[in-house]
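Working notes, structure below.
Values quoted throughout were computed directly from the atomic coordinates according to the rules given, and no laboratory measurement underlies them. Computed from a predicted structure; not experimentally measured.
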Amino acid sequence: MPFTADLVCRDLTKEFKGFRAVDHVSFDVPQGSFFSILGPSGCGKTTLLRMIAGFQFPTSGDLLIKGKSMIDVGPNKRPVSMVFQHLALFPMMDIGKNIGFGLRQRGVPAAEIKQRVGRVLERVGLPGIENRQVSQLSGGQKQRVAIARCMVLEPDVLLLDEPLGALDLKLREHMKIELKALQAEFNTTFVYITHDQSEALVMSDNIAVMNKGKFDQIGTAKELYYEPANAFVAGFVGDANRFEGKVTAINDRLVTIVTDGGITRQAQAAAELPIVGQRALAFVRPEAIQLSKTAYDSATHPNASAQIVDSVLFNGANSVVLLRDPQSGETLHAGLPQTGDFLGLGKGETIHTNWHATQARCFVAEGH
């Protein structure tokens with residue numbers, strides 16, 4: 001039998017009085033996968049999710065679930081459920097009645113509701129809490145109850161609109177793992193909206209990076225991180241140092257840039273190869289930057305330079321040192337090695353940095 005994606009969007013567009021919030025977006029989501037839409041506030045991701053849910057209808061394009069067009073189908077008739085940021089649990093109902101609400105609306109017999117509610121609570125790791133009140137639950141338990149209330153309806157697609165945004169940091173980190181485990185347990189297609197890159201990178205099978213109503217790139221977390229399609233993706237996904245300047249030389253795909261501060265940098269060209277004289281952007285990850293107490297040979301290390309330590313931000317294995325070029329004033333963020341060699345590094349000291357050009361990415365500057 002031919003493969004059918006759970007969700008297919010084809011050339012979806014949504015306009016509001018001349019403003020195009022979603023601009024010709026197309027993508028497929030395979031059955032049982034975790035698909036995230038990542039982008040800054042105002043990029044159109046929530047509008048897109050609301051069109052999938054049926055709360056808004058597209059200006060043009062098509063949207064199919066299990067191969068059937070949903071364009072003229074209302075939200076109550078679509079095989080989707082939605083988890084909101086603030087969960088929207090009913091405080092006047094106990095947990096069992098909260099989870100069974102949708103089933104009661106469908107006219108499912110009480111005995112079957114009780115059985116299905118009990119079964120879904122076991123699957124989310126909260127057996128036997130049917131008689132508890134919402135106020136008696138922790139934030140993580142409320143999150144799982146909200147998911148259980150959706151999953152008891154057995155939707156083809158579960159939509160999640162920044163559901164971790166209201167949680168504290170430690171619980172948010174825990175729930176990333178929980179959500180991925182729940183998605184695997186139910187084998188249901190999850191479409192997850194977030195502006196938090198960490199959430200998307202940790203949980204997703206595929207991620208779409210959205211910018212100004214369009215998808216700039218769709219790929220795995222590793223593809224987006226190591227092979228960004230354009231400068232926006234390179235700067236938005238993960239931490240990266242950014243340099244801008246004029247291209248002075250090209251050797252195969254290695255591009256030499258003289259930055260606006262007069263510093264020479266080398267990076268590997270991404271998809272589009274610039275030409276000499278064009279303005280370009282280069283990005284390098286903090287963890288790609290090597291630190292040394294002695295100077296590198298500049299003849300064999302074209303990205304080598306001496307830097308002044310501005311500060312050290314200690315965060316365990318994720319510690320970062322903030323550096324400043326003494327000549328240009330350009331700043332650099334470098335990962336602090338966990339070997340112990342740089343534990344005593346302090347403000348005002350000189351340290352030497354370098355990175356391989358193949359670990360940096362170069363893009364033609366927009367408009368050039």
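Things worth noting here:
- Residues of type lysines that LYS66 reaches as a straight line, Cα spacing below 19 Å, ignoring anything fewer than 8 places off in the same chain: LYS77
- Region 257-281 and region 285-321: distance between their alpha carbon centers, rounded to Å: 21
- Sequence-distant contacts, meaning Cα pairs under 8 Å at least 6 residues apart, place the relative contact order of region 240-364 at 32 percent.
- Between region 1-67 and region 215-231, the Cα center-to-center distance that results, in Å: 19
- C-alpha long axis of helix 110-123 to longest principal axis of the chain, angle in °: 20
- Region 74-133 shape via C-alpha gyration tensor axes, a/c threshold 1.5: oblate
- Report summary: the helix-based calculation at 222 nm, which adds -39500 (n - 2.57) for every DSSP H run with n ≥ 4 and divides by the residues of the chain, gives -7000 deg cm²/dmol.
- For the chain, relative contact order (Cα pairs under 8 Å, six or more residues apart, normalised by length) works out to 15 percent.
- Convex hull volume of the C-alpha atoms in region 314-367, normalised per residue: 136 Å³.
- Computed on region 197-267, with alpha-carbon pairs under 8 angstrom and 6+ residues apart, the relative contact order is 17 percent.
- Computed from Cα positions, the angle between helix 169-186 and the longest principal axis of the chain comes to roughly 60 degrees.
- Distance histogram for region 37-151 (every C-alpha pair counted, 10 angstrom bins, percent rounded to whole numbers): 12, 36, 30, 19, 2
- The percentage of C-alpha pairs in region 185-250 whose separation is greater than 15 Å is 56%.
- Across all Cα pairs in the chain, the calculated P(r) in 20 Å bins from zero up to the longest distance comes to 25, 46, 25, 4 percent per bin.
- Rounded if a/c under 1.5, otherwise prolate or oblate - region 209-368, Cα gyration tensor axes: oblate
- Rounded to 5, percent antiparallel among DSSP beta bridges of region 248-365: 90
- Annotation for region 345-368 versus region 133-178: alpha-carbon center distance of 40 Å.
- Folded to 0 to 90 degrees: helix 139-151 orientation relative to the chain principal axis, Cα: 60
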